[in-house]
Amino acid sequence: MSRVARPNAAVALAASSLAFALVLLDTTVVNVALPAIRADLGATTSGLQWIVNGYTLALAALMLSAGALTARVGARRLLRAGVTIFAAGSVAATLAPSVGALVAAQVLLGIGAAALVPASLTLLTHAYRDPIRRARAIGIWATISAAGFAGGPVIGGILIDASGWRLLFALNLPIVVAIAVLLSRVEETERTHARGLDLPGQATAVLALGALVFAVIESRALGWTSPSVLAAFALAVASGTAFVSIERRSSAPMLPLSLLESRVFSASAAAGALVSFAVYSELFLLSLYFSEVRGLSALQTGLALAPQPAIFALAGIPSGRLVARIGPRLPLLFGGPIAALGAVVLSTATAATPYAVLVVGMVLFGFGAGAIIPAITNAVVGDVPADKVGIASAALNASRQTGGVLGVALLGGMAGDGAADLLHGLPIALAICAGALALIALIGARTVTAARPVAEPEIVTAAAR
């Protein structure tokens, strides 16, 4: 065994990169398919919200437990389980006969994705022991993963125009097979039983988040005073309270509440939730805007959206270098307002708005939001004790996914059931996004100021620790 890299390290890099790219691809690719799914399955706007949130909800709720499970069973074993679940979800989504079946398939895909996220980076850091070579490998991993995120709308548009929305999910299968073949050629990571699985905490977390999302999404159709909606809110409050109580008493909590005592961690988690709240809901609404208001095909919609995820992925590079030199405060102070300005520009959209104006809004939005992620990650890495960096990074990512779930749940309903409703609700929704993004600057100014600068490779590898 080499001191620098383990045997077949390059194979581990390929498997890890494909796994995380698959997770990010499915985050963006479905948005382009929403109009086609609506037409084929007769989905309402709330149905479309559930289709998007089924994936993200499972990913957000299970990510912390998946991180603990990686250490207990090994990264390669968990990756194999994750791709198997992902394959099953892909087949179920491809064959889904109804909106409910598609939502269930998306939940299954989210469960698989939750296993892939921590296991992919753990496998990579296990394969590369030399810090310099590891940093280079992580750079490749990040680039391939970002390509999956940025290319999702375009890939989705091409496939839908060629053969319909079901091909989007069938596309996952050859990627899953490729990952499984690669995994057969890499060794297992070390296993530890240091952290147990907090099953009561996990169950109450799923109940709290699921009930809250149900109440928010269904309130549009049933009304805020509906018995079902009120019961869901009550269940969310009760489950959330039980979660806090369980985590306070647990010897191996899913979310150590001591993390919340850190102002820097709490502020970073709030900033992460706010940026995802804005990004996920804005992408949901813009996808419908381009297809239903502008009358674009799936491919044209994907191409129209492409500037935003592309600049979002690229913005992390200069931001990561900046925070490595001077710390996270400056990107937070300016990233939020830049993205908020982009949301304001997009809020002026009408059926006749020149596309160039929309590009300006998307570029500002994507660049500002993308610059925030390295800043909040740096803040967490620089503030928490070394033995809590892994769980803190996982908690940060879980907060981001939770923010995305709530964004689509709260603002997605403003799309209404047609172009007229969408044009009415879009300015309000994007104004709320702008407010959420502007709030990040206040968070950065008041709390995330003392976190030390962290070397760029350390920022990227924080979650793997």
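Annotations for the structure displayed:
- Residues of region 333-356 that are more than 26 Å from the chain's Cα centre (by Cα), free of Cβ contacts under 8 Å to residues at least 40 places away in the same chain and not in a loop (DSSP other than H, G, I, E, B): Ala356 alone.
- Where helices (runs of 4 or more DSSP H) fall wholly inside region 211-306, the ranges with 3 or more residues that are free of Cβ contacts under 8 Å to residues at least 24 places away in the same chain and of a type outside the set (Lys, Arg) are 227-249.
- Boolean, Leu330 is surrounded by 19 or more Cβ atoms within 10 Å (Cβ to Cβ), among the aliphatic types (A, V, I, L, M) and either out of contact with any Asp or Glu (no Cβ under 9 Å at 6 or more places or on another chain) or modelled with pLDDT under 85 (or both): no
- Scanning region 280-323 for residues that are surrounded by fewer than 19 Cβ atoms within 10 Å (Cβ to Cβ) and closer than 19 Å to Arg400 by Cα yields a single hit, Leu314.
- A residue that is under 18 Å from Arg263 (Cα atoms), at pLDDT below 90 and surrounded by 21 or more Cβ atoms within 10 Å (Cβ to Cβ) can be found somewhere in region 366-373.
- Filter pass, Leu108 being over 15 Å from Ser120 (Cβ atoms), in the same structural domain as Val176 (by TED's automatic domain parsing), aliphatic (A, V, I, L, M) and modelled with pLDDT of 95 or more: yes
- Odd one out for Val181 among (1) farther than 30 Å from Leu41 by Cα; (2) surrounded by fewer than 16 Cβ atoms within 10 Å (Cβ to Cβ); (3) touching a Ser or Thr at 6+ places or on another chain (Cβ under 8 Å); (4) not charged (D, E, K, R): (3)
- Assessment of region 76-88 against the conditions (surrounded by fewer than 20 Cβ atoms within 10 Å (Cβ to Cβ), under 24 Å from Ser281 (Cα atoms) and out of contact with any strand residue (DSSP E or B) (no Cβ under 8 Å at 6 or more places or on another chain)) yields no matching residue.
- Arg38 of a type in the set (Lys, Arg), in a helix (DSSP H, G or I), over 18 Å from Thr143 (Cβ atoms) and in contact (Cβ under 8 Å) with a residue 60 or more places away in the chain: no
- Some residue of region 132-143 being closer than 17 Å to Ala178 by Cβ, of a type in the set (Gly, Ala, Ser), surrounded by 21 or more Cβ atoms within 10 Å (Cβ to Cβ) and at pLDDT below 80: no
- Single match in Leu209, Leu222, Leu167 (criterion: closer than 25 Å to Leu102 by Cα and more than 24 Å from the chain's Cα centre (by Cα)): Leu222
The values are calculated or read from the model by the stated rules, or taken from the named source; none is laboratory data. These numbers were taken from a predicted model, which means no experiment stands behind them. Cβ sites come from the backbone with ideal geometry, for glycine too, and all protein chains shown count toward neighbours.
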